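The values are calculated or read from the model by the stated rules, or taken from the named source; none is laboratory data. None of the values given here were measured: they were computed from a predicted structure. Backbone-built Cβ (ideal geometry, glycine too); neighbour counts: all protein chains shown.
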Amino acid sequence: MRYRWMTWTLLAASLMTLGAARTLAAPQDSADEGIVTEQQARDLGLNDDQKTQIKSISQNRRGQIQAVQQDPSLTREQRREKIREINRSANQQIDGLLTPEQQQRFHRRARDRREDRRDRMHDGGRRDRRHPPRPPRSPRG
């Protein structure tokens, strides 16, 4: 029984390590990173010029955030505030590229993402609210 538990633990640790390595090795300009995926571009009705400019803003944002996260002289609160300012600035730049209708859609999507995130935080991280949480398992003795 102990060996089975150790095997599962080692397997889980290996999979987590592999996942972390894949995340770190992922190319910086993959389609699902940044503000604009193809689906988002279609939803917002972006033209090619807007997509290119927004991608550039997103890459710049990502680089600035990485620099802040790696700065050991900053406290946690200072990091948080700098990242908020970077995001605020990038969003203002993006707003300047969008038409009023696109801005409405962009802000609605951002609001929906914030609400979803808040719901997940208050819902114990469960994404699917159709199924109730499982009761805690009692320890086997």
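A few comments on the model shown:
- Taken over the range 82-103, the criterion of being exposed (fewer than 12 other Cβ atoms within 10 Å of the Cβ) and in contact (Cβ under 8 Å) with a residue 12 or more places away in the chain is satisfied by E101 alone.
- Only one entry in E85, E101, E38 is more than 15 Å from the chain's Cα centre (by Cα) and modelled with pLDDT of 95 or more, namely E85.
- Filtering the range 70-81 to residues that are surrounded by 14 or more Cβ atoms within 10 Å (Cβ to Cβ) and not in a helix (DSSP H, G or I) leaves only L74.
To keep it simple, each residue is scored yes or no on (1) at pLDDT 95 or above; (2) out of contact with any Leu (no Cβ under 7 Å at 6 or more places or on another chain); (3) farther than 21 Å from R109 by Cβ; (4) of a type in the set (D, E, K, R).
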| position | (1), (2), (3), (4) |
| --- | --- |
| G19 | no, yes, yes, no |
| A26 | no, yes, yes, no |
| D32 | no, yes, no, yes |
| N47 | no, yes, no, no |
| K51 | no, yes, no, yes |
| K55 | no, yes, no, yes |
| A67 | yes, yes, yes, no |
| Q92 | no, yes, no, no |
| G96 | no, yes, no, no |
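- Whichever residue in the range 118-141 is assigned to a helix (DSSP H, G or I) and loosely packed, with under 10 Cβ neighbours inside 10 Å and, among such residues, is modelled with the lowest pLDDT: H122
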